[in-house]
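The values are calculated or read from the model by the stated rules, or taken from the named source; none is laboratory data. Predicted model only: the values in this text are computed from it and were never measured. Every residue, glycine as well, gets a Cβ built from its backbone with ideal geometry; the counts of neighbours run over all protein chains shown.
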Amino acid sequence: MAMCILVFLTLLILPSSHSSSDELYIDKSAKIPQSDLDLLEFPLNLEYFEAEFFLYGALGYGLDKAAPKLTGGGPTPLGAKKANLDPFTRDVVLQFAFQEVGHLRAIKNTVKGFPRPLLNLSSETFAKTLDKAFGKPLNPPFDPYSSSLNYLIASYLIPYVGLTGYVGANEKLENPVSRRLVAGLLGVESGQDAVIRALLYEKATQKVPPYGITVAEFTNKISSLRNELGHTGLKDEGLIVPNSDGAEGKIAGNVLAGDQDSVAYARTPEEILRIVYGSADEGVPGGFYPKGGDGRIARSHLKSA
Ligand SMILES: *[C@@H]1O[C@H](CO)[C@@H](O)[C@H](O)[C@H]1NC(C)=O
């Protein structure tokens, strides 16, 4: 009997004794305004992309197997596959993959969100994006899954866009719970971006086989493409820049991107959609999102909707 009571008491006490990691959500019932909810669900579009790309890259399968509940029943991504990664890169990518699973859960614990949108993660989608960045077809077509270096270059495409979105969302959020969540997501997304950039920066002057084009040039072209698609000026910088764009206008090495004061650039959801659709138009889906993003903000722009 005493044992029963002890077990019962322990059960009562246990949940609250490890609640510090749940504190973020204690206020869930507090009134989060609709505008916050819209801004909080929007990044699910990118988090689904990142989770799937990293999970497949490291493991050869995605959320359907790793965390099926988080898909909300949305379609399986097209064309994603296991990448040919060396053990070190695979280790890092797998950590990113699990971090993205956590991000999806954190957002969905706070807002209702939406199911995984259709994602086209085929080599061809990446190849087309790179062709657009270079203004000519690369020969052979760029394959993100063929090597660690190619995979890191493809990864350069993703967390950075998410992080500028979190910077942009923060100032529009009203509720402290929303701001806490976005600051937490921003912290880890910018960490991922920094790791990817640092790994690429180590090889900045090396040529990417078989193209005879340096790693730095790849990043510069991708960043220029994103600036062009976003059409709101310079918010994206490659790994080697003119001195005037480096920190304090004094240095060409650009391991991290930032404005004149080395403060992170901000993007709106609309700019992000223009970039990830590859269409320069938030109303015209394509690229990685054949049917467009989901959530109130993305859907409000879809011309066919
Ligand atoms: C995925 O995108 C590529 C490149 O745009 C395209 O060729 C391919 O048909 C798409 N796959 C599907 C199944 O829609």
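Descriptive notes on the structure:
- Count of residues meeting criterion [more than 18 Å from the chain's Cα centre (by Cα) and among the charged types (D, E, K, R)] in the range 268-305: 5
- Apart from one condition, residue 47 fits all of (1) charged (D, E, K, R); (2) closer than 19 Å to residue 185 by Cα; (3) touching a Ser or Thr at 6+ places or on another chain (Cβ under 9 Å); the exception is (3).
- Members of the range 82-97 that are crowded, with 16+ Cβ neighbours inside 10 Å and either within 16 Å of the ligand (Cβ to nearest atom) or among the hydrophobic types (A, V, I, L, M, F, W, C) (or both): 83, 85, 92, 93, 94, 96, 97
- The numbered conditions (1) in contact with a Leu (Cβ under 7 Å, 6 or more places away or on another chain); (2) outside any helix (DSSP H, G or I) are all true for residue 132 except (2).
- Look at (1) modelled with pLDDT under 65; (2) surrounded by 10 or more Cβ atoms within 10 Å (Cβ to Cβ); (3) not charged (D, E, K, R) and you find that residue 11 fails only one, number (2).
- In the range 106-138, the residue that is nearest to the ligand (Cβ to nearest atom) out of those that are under 16 Å from residue 214 (Cα atoms) and in contact (Cβ under 8 Å) with a residue 12 or more places away in the chain is 130.
- Members of the range 277-305 that are away from the ligand (no atom under 13 Å from the Cβ) and either within 21 Å of residue 134 (Cα to Cα) or in contact (Cβ under 8 Å) with a residue 40 or more places away in the chain (or both): 280, 281, 292, 293, 294, 295, 296, 297, 298
- Residue match in the range 67-74 (condition: β-branched (Val, Ile, Thr) and touching a residue at least 40 places away in the same chain (Cβ under 8 Å)): yes
- Matching residues in the range 218-242 - criterion: being in contact with a strand residue (DSSP E or B) (Cβ under 8 Å, 6 or more places away or on another chain) and surrounded by fewer than 22 Cβ atoms within 10 Å (Cβ to Cβ): 220, 240
- Residue 189 falls short on exactly one of the conditions (1) over 15 Å from residue 211 (Cβ atoms); (2) of a type outside the set (Gly, Ala, Ser); (3) in contact with a helix residue (DSSP H, G or I) (Cβ under 7 Å, 6 or more places away or on another chain); (4) not in a helix (DSSP H, G or I), and that condition is (4).
- Residue in the range 148-159 that is within 16 Å of the ligand (Cβ to nearest atom), within 14 Å of the chain's Cα centre (by Cα) and at pLDDT 95 or above present: yes
- Taken over the range 272-291, the criterion of being surrounded by 23 or more Cβ atoms within 10 Å (Cβ to Cβ) and either in contact with a strand residue (DSSP E or B) (Cβ under 7 Å, 6 or more places away or on another chain) or not basic (Lys, Arg) (or both) is satisfied by 272, 273, 275, 276, 277, 282, 285, 288, 289.
- Single residue of 73, 57 found to be under 25 Å from residue 286 (Cα atoms) and exposed (fewer than 15 other Cβ atoms within 10 Å of the Cβ): 73
- Residue check: residue 235 meets all listed conditions (1) within 30 Å of residue 148 (Cβ to Cβ); (2) assigned to a helix (DSSP H, G or I) but one, namely (2).
- You will find that of 228, 270, 248, the residue that is part of a helix (DSSP H, G or I), under 28 Å from residue 117 (Cβ atoms) and at pLDDT 95 or above is 270 and no other.
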